[in-house]
Amino acid sequence: MMSVWNRSLTARFVAVMLLALAVSQGISFLLFTDEMGGVLLRTAKAEFLSRSASVAQVLETTPAAVQQDILQASGTSYTRFWVTPSFPSDVESWRREAKQRLAEPLPTLANLAGSETGGRETAAAPPPSPALAPQPVSTAGGTTAPSNGAPYTTWLDLPAHAWPLSRAAKFMYWGDTTGLGLAVQLKDGSWLNSAFSKKMANSMWTTRSLISLAVTAIVLSLCAVFIARTMTKPMRRLAAAAEALGRGESVAPLEEKGPDDLRHTAVAFNLMQSRLQRFVEDRTRMLAAIGHDLRTPITSLRLRAEFVADDETREKMLDTLDELRAMTEATLAFSREQATEEVTRNVDLTALVGSLCDDLVEIGYEVACAEGPKISYRCRPDALKRAVRNLVENAVRYGERARVTLRTTPQAIEIVIEDDGPGIPPEIAEKVFEPFFRLERSRNRETGGIGLGLSISRNMVRHHGGDITLANTGHGLRATISLPHAALAGPEAKGPVRASRRSGLPIGARTPAE
């Protein structure tokens, strides 16, 4: 779950939307539950007082013989009525009688008919319902009161204006906040007693509300996915363009449209790309100009050196001029490499490296290439092949032989070249990549080279978004080319292009820069 959260902006957007929905519904639930409880209690109380007033009026206008039938017929599943000759001042006795009457089943038509003929048929009273049992709340003074604070140990005066009849009555809460009691004196001096007890179901989590909440969550999730996808699509295009630009590919300018933030980002990227390209072109042009302009004075100095009478001095001067000419030619070759834009395409990387090793074996190099699975990779094949070739030839030259292996790790694709040479001091593992740096200090260019080979190789690999590292193994040197997975051929790429005899790509000839 955390992996999805960390990797997907859409997942975060959906989660935030659903969290907002849950918080808003939770707050609404708390407010609604509290308000609904008060509304239900007020409604129940108004209905109870109205029914009690109606029963009192009916009793006062009917003969005493049918009053009992009226009381029984007026009862409901949560309301009972009965008449006492005097005011029920003993609250505890009244509560016990109210509970008993509420626990009795309602009379049927047969019961009512039997009572008219003097008979009495009653069903067995079931045990009291838990909802009817009193739930007192203890107060600091030892008295018991319902949760709203009104004591039920005494009757409360109910003024005439507070209920339908024009006479005062006695009222109290009992059992809990849903237990109501009323006593009102009739015209003949007797007292009508009314008891009400009903468990209020004030939960808002009904089937309909749950379905509505689920539909709302689904609709919000779909809207969040659509919005997130719309927002991240330009960002994905920008990321792909930045990755391609980092590998040295030519990237078409991004479309400068959409919201201001995204449009400004696209404009900034396009400006950055044009400035980088102009900088590289200016630097390459400068190097080419310097290398070209040095040819004339070098040729002039060589001609003059030929007229030096001292043979030893003349030979030293000519060697120095030859070295200077080789460095100039290497600089020109390096600038030509920078100016040439090779097309990026998909190749079989395993076949490309294998064909290179086969070619080197044919010209007498001791090179072994381990077999591996096919790796389809998007790159500039000639440039990458030249970088690998430089490292393999260095391994054979300084380490007698080269062993080449391709492997895939979770972080990158690695091309590993190992030799059996003396290795290099760890403190100069980075310095050897500097232009014109030579580990072999002799003046012999056949053994030491110019010092641009590793620099060119790393430059080419870094244009692919990768890097080259060197490490001593204890019995030789290991050079590792790491290429990012981001350059892997996607499903939309066309079929791989073969390299050399296996891939159909030409072997690039070495230049003096190597």
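Candidates are the residues of the stretch 37-65 that are within 30 Å of residue 215 (Cβ to Cβ) and in contact with a Ser or Thr (Cβ under 9 Å, 6 or more places away or on another chain); the one that is modelled with the highest pLDDT is 40. Looking only at the stretch 248-269, count how many residues are of a type in the set (A, V, I, L, M) and loosely packed, with under 14 Cβ neighbours inside 10 Å. Matching residues across the stretch 248-269 total 3.
One residue stands out among those in the stretch 418-433 that are under 20 Å from residue 396 (Cβ atoms) and in a helix (DSSP H, G or I): the one that is nearest to the chain's Cα centre (by Cα), which is 433.
Filter the stretch 349-383 down to residues that are under 38 Å from the mean Cα position of the chain (by Cα) and under 16 Å from residue 407 (Cβ atoms), then give me how many there are. Of the residues in that region, 8 qualify. Against the test of being out of contact with any helix residue (DSSP H, G or I) (no Cβ under 9 Å at 6 or more places or on another chain) and at negative phi, the options 284, 328, 296, 344 yield a single qualifying residue, 296. Assess whether residue 304 counts as being of a type in the set (Lys, Arg) and buried (at least 21 other Cβ atoms within 10 Å of the Cβ). Considered against the rule, which asks whether it is of a type in the set (Lys, Arg) and buried (at least 21 other Cβ atoms within 10 Å of the Cβ), residue 304 comes out as no.
Scan the stretch 77-86 residue by residue and report those that are exposed (fewer than 15 other Cβ atoms within 10 Å of the Cβ) and modelled with pLDDT of 90 or more. 84, 85, 86 - these are the residues of the stretch 77-86 that are exposed (fewer than 15 other Cβ atoms within 10 Å of the Cβ) and modelled with pLDDT of 90 or more.
The values are calculated or read from the model by the stated rules, or taken from the named source; none is laboratory data. What you see is a predicted model, and the numbers here were worked out from it, not measured in a lab. Glycine gets a Cβ as well: all are built from the backbone with ideal geometry, and neighbour counts include every protein chain shown.
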